[in-house]
Amino acid sequence: MKKRNIKDIEYYLLPGASRKTTDIVVERDGTIHVRPPLHMSAEQVDDTVYSKRMWIYRTLAEWNSLNSTHVCREWVNGESFLYLGRHYQLTLVDDPVKPLSLKNGRFLLNKALVRSPSATAAKQAFEQLYSQKGLERLQARTQYFAPKVGVDFGSITVKDIGYKWAACKRNGDLSFHWKCMMAPPKVIDYIVVHELCHNHHRNHTTAFWDEVDKVLPDYHERKDWLRDNGASLTL
């Protein structure tokens, strides 16, 4: 992955792939990633990126607007944390056995975990809980949707995968970000179907979205929710 600039646009050039079109993606951190066809030179990619500059400007402006609402939560009683699209209040408790649990409509967090200035241990407890519950849910939803998409899948992992919601390898292995578990169930299902459809098409062409539409005719609504609310799905 190489960083390049064309005029005022900075982007990361990814290795070429067996594809007909150039895939330009504004990632969740605001960086621009570009994956071209195998035959394209770096200079040709520059020209393609520049020809799409108006779309890139609009997308970056939208990204800046959405991330201006980024939520910073505090590790105090009554703070709100998301799980499956719903808000649950935090209660600090004395529990030497469980670092974190979700019980009776509240997150119960061992108060000893918030003593460090950065509350690293508290964040890790939430990440572990989201990952654990996420693996159970995502395995079940993937098994449900795979026959509808008409594909098989490999292993499923739930972890921090950076600025992507999910990823699908060519061998069918799927990775999901633990933050997915903050989203509503309908949006989680959209993420699952999205990745499964990449077994048909590796890019985001019309043919790819047609596959998504076959399974989720209202995918636009779910996709828009993720775009509009993604910045709030954080610790």
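Here is how the numbers come out for the structure above:
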{"read-out": "Carbon plus sulfur fraction of accessible area for segment 27-170, probe 1.4 Å, in percent", "value": "50 percent"}
{"read-out": "Length released on extending from Lys159 to His200, taking residue separation times 0.36 nm less the Cα-Cα span", "value": "12.3 nm"}
{"read-out": "Net length gained if the chain between Ala112 and Thr234 were fully extended (0.36 nm per residue, minus Cα distance)", "value": "41.8 nm"}
{"read-out": "Sequence of Met181, Met40 from largest to smallest accessible area, 1.4 Å probe", "value": "Met40, Met181"}
{"read-out": "More than 15 Å apart - percent of Cα-Cα pairs taken over segment 77-124", "value": "42 percent"}
{"read-out": "Phi-based couplings in Hz for segment 58-64 (Karplus 6.51, -1.76, 1.60; Gly and Pro marked x)", "value": "5, 5, 5, 5, 5, 4, 4"}
{"read-out": "Placed amide H near Val93: partners under 5 Å, 5+ positions off or other chain", "value": "Leu109, Asn110, Lys111"}
{"read-out": "Charge dipole magnitude, Cβ of K and R +1, D and E -1 - segment 1-69, Cα centre, debye nearest 20", "value": "160 debye"}
{"read-out": "FRET E, pair Lys148, Arg86, Förster distance 35 Å, beta-carbon r, rounded to 0.05", "value": "0.85"}
{"read-out": "Cα-based shape type of segment 158-224, given that a ≥ b ≥ c are square roots of the gyration tensor eigenvalues and the cut on a/c is 1.5", "value": "oblate"}
{"read-out": "Scattering curve values for the chain, log₁₀ I(q)/I(0), Debye with Cα scatterers, q = 0.16 Å⁻¹", "value": "-1.20"}
{"read-out": "Lys2, Lys169, reordered so the largest accessible area comes first (probe 1.4 Å)", "value": "Lys2, Lys169"}
{"read-out": "q = 0.16, 0.18, 0.24 Å⁻¹, segment 24-105: log10 I(q)/I(0) [Debye, one scatterer per Cα]", "value": "-0.76, -0.85, -1.16"}
{"read-out": "Value of relative contact order over segment 98-235, rounded to a whole percent, pairs C-alpha under 8 Å and six or more apart", "value": "18 percent"}
{"read-out": "Inter-site label distance for Arg170 and Thr120 at 7 Å from Cα along Cβ, in nm", "value": "3.8 nm"}
{"read-out": "Other-chain or far-sequence residues with amide H under 5 Å of Ala166's (modelled H)", "value": "His177"}
{"read-out": "Candidate residues Lys148, Lys214: accessible-area rank, largest first, probe 1.4 Å", "value": "Lys214, Lys148"}
{"read-out": "Overall dimensions of segment 1-70 as given by Cα atoms, namely Rg and Dmax in Å", "value": "12.4, 41"}
{"read-out": "Value of relative contact order over the chain, rounded to a whole percent, pairs C-alpha under 8 Å and six or more apart", "value": "15 percent"}
{"read-out": "For the chain, with +1 on Lys and Arg beta carbons and -1 on Asp and Glu, the positive-most of Ile24, Gln124, Asn199 along the dipole", "value": "Gln124"}
{"read-out": "Cα-centre dipole for the chain with unit charges at Cβ (Lys and Arg positive, Asp and Glu negative), debye to 20", "value": "300 debye"}
{"read-out": "Phi-based couplings in Hz for segment 131-140 (Karplus 6.51, -1.76, 1.60; Gly and Pro marked x)", "value": "5, 5, 5, x, 4, 4, 5, 5, 4, 5"}
{"read-out": "Above-threshold pairs, the threshold being 19 Å between Cα atoms, out of Lys103/Lys186; Lys148/Lys214; Lys7/Lys164; Lys98/Lys123", "value": "Lys103/Lys186; Lys7/Lys164"}
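The values are calculated or read from the model by the stated rules, or taken from the named source; none is laboratory data. Everything numeric here is computed off the predicted structure, so don't read it as measured data. Backbone-built Cβ (ideal geometry, glycine too); neighbour counts: all protein chains shown. Ligands, DNA and RNA are stripped out before the accessible areas are found, and what is left, the full protein with its side chains, is counted by its heavy atoms. Shrake-Rupley method; radii C 1.70, N 1.55, O 1.52, S 1.80 Å.
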